[in-house]
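S.K.: Encoded as structure tokens, here's the structure I'll be asking about.
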Amino acid sequence: MTMAPDRVRVRFPEISTRTWEHPADRTALVALRSLSGFDTVLKALSSLLRERQHRLMYLATAVRVDDRQFRTLHELRADCVGVLDAQTTPEMYVLQDPSVNAFTIGMDRPFIVLTTGLLELMDTEELRFVIGHELGHALSGHAVYRTMLMHLMRLSASVGWLPVGGWALRAIVAALMEWSRKSELSGDRAGLLCCQDVEASVRVHMKTAGGAWLHEMNHGAFLDQADDYLRSGDLRDGVLKLLNLELQSHPFSVLRAAELRRWIQSGDYERVLGGSYPRREHDRNARISDEVKEAARSYRETFDQSEDLFVRTVRDLGKDVGSAVNTVGQEVGRTVADLGKRFDDWRKN
């Protein structure tokens, strides 16, 4: 691969991560960032996770990207950093692994890992999208919260009295997985802002789903699959769709492409390209109440516009969903409070 800028891309001075964060993702992030003492908790967890040890492992077993090694990736990363006006440049490693994967890990200094399987599958512009996607994760703090979540889940699994099979805890896990999936949609938006090539962004998902035979696939037909998926099936299929997605950390490739198309069609992408986006200097003024309203609006629009028969049936029943949600929320709150009390009792003993 050779790196040659094929065109000038729009850059976004002082752009806030809130620009590309999905409303549901952004709500969780604003809430976490607003917690007093949260930085102290993060530092404690970082020491427990031996982040330095993980970084040393990749330093010893993978190839670090710089101006001497994987120069193409180095220049793609630099371009993405410039487009998103990132204040830091995360380290990046190439790992010998035939699986197609890219991820961002670490709490103190998040770093990006790309597998050789991914490099062999994607062209230069597609890799620009992927690197922009991972940079979006790093800048939004997703690596921090995911690493924290993984540690807490492992910790809870090791404590015998924790009711892992309880429905309330399952609801909490499902909610956290829902946030994780929405954070992937946020990453896709960051990737598109970096590559500014809609075709390339869709090709990434086409290749992730169908492999290297791109000449046998069709952009429009691939997106039609998402429409068919959302519309087709009976009530049983609607339930199965929810069950299939429940414990997935990533949305399905076809649906990710469709969600990115929805963001573009909403006009938000063009507005950002035109310079209309939130700035970092206003991040401290972001209010959790506003983000919750925006997330609720997003979910409501998705619910109201869904063609899935199961969702349509629930919608047409006209049940008081808000009341049901409040009931579940109260039950989960009581369960969490009970777990906290039991933990305090266990610690004292």
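The values are calculated or read from the model by the stated rules, or taken from the named source; none is laboratory data. Being a predicted model, the structure only gives us computed values, none of them experimental. With ideal geometry, Cβ positions are generated from the backbone for all residues, glycine too; neighbour counts draw on all protein chains shown. Each accessible area value is taken on the protein alone, full model and side chains, heavy atoms only, with ligands, DNA and RNA left out. Shrake-Rupley method; radii C 1.70, N 1.55, O 1.52, S 1.80 Å.
S.K.: Quick one: which residues, 5+ away or cross-chain, put their amide H under 5 Å from the amide H of Thr115? H built at 1.01 Å from N.
M.R.: Counting only residues 5 or more places away or on other chains, the set is Leu95, Asn101.
S.K.: For Thr72 and Asp224, FRET efficiency with R0 = 41 Å and r from the beta-carbon atoms, rounded to 0.05?
M.R.: With R0 = 41 Å, the Cβ-Cβ based efficiency is 0.75.
S.K.: On a 1.4 Å probe surface of the protein chains, which of Asp66, Asp25 comes out largest in accessible area, and what is the full order?
M.R.: I get Asp66, Asp25, largest accessible area first.
S.K.: Considering only the other residues whose Cβ falls under 10 Å of the Cβ of Glu126, what net charge follows from Lys and Arg at +1 and Asp and Glu at -1?
M.R.: -1
S.K.: Can you sort Arg26, Arg261, Arg231, Arg7 by 1.4 Å-probe accessible area, starting with the largest?
M.R.: Descending order: Arg231, Arg7, Arg261, Arg26.
S.K.: Can you give the extra length, in nm with one decimal, that the chain gains between Arg280 and Gln87 once fully stretched, where that is 0.36 nm per residue apart less the Cα-Cα distance?
M.R.: Gain in length upon complete extension: 68.4 nm.
S.K.: Counting Lys and Arg as +1 and Asp and Glu as -1, what is the net charge of the other residues whose Cβ lies under 12 Å from the Cβ of Asp67?
M.R.: Spelling it out: positives minus negatives among the neighbours equals +2.
S.K.: Another question about this same structure. With a 1.4 Å probe and every protein chain left in place, tell me how much accessible area Ser99 has, in Å² to the nearest 10.
M.R.: 50 Å²
S.K.: How charged is the neighbourhood of Ser276? Take every other residue with its Cβ under 14 Å from the Cβ of Ser276, and add Lys/Arg as +1 and Asp/Glu as -1.
M.R.: On the way: positive: Arg18, Arg271, Arg279; negative: Glu14, Asp268, Glu270.
Spelling it out: positives minus negatives among the neighbours equals 0.
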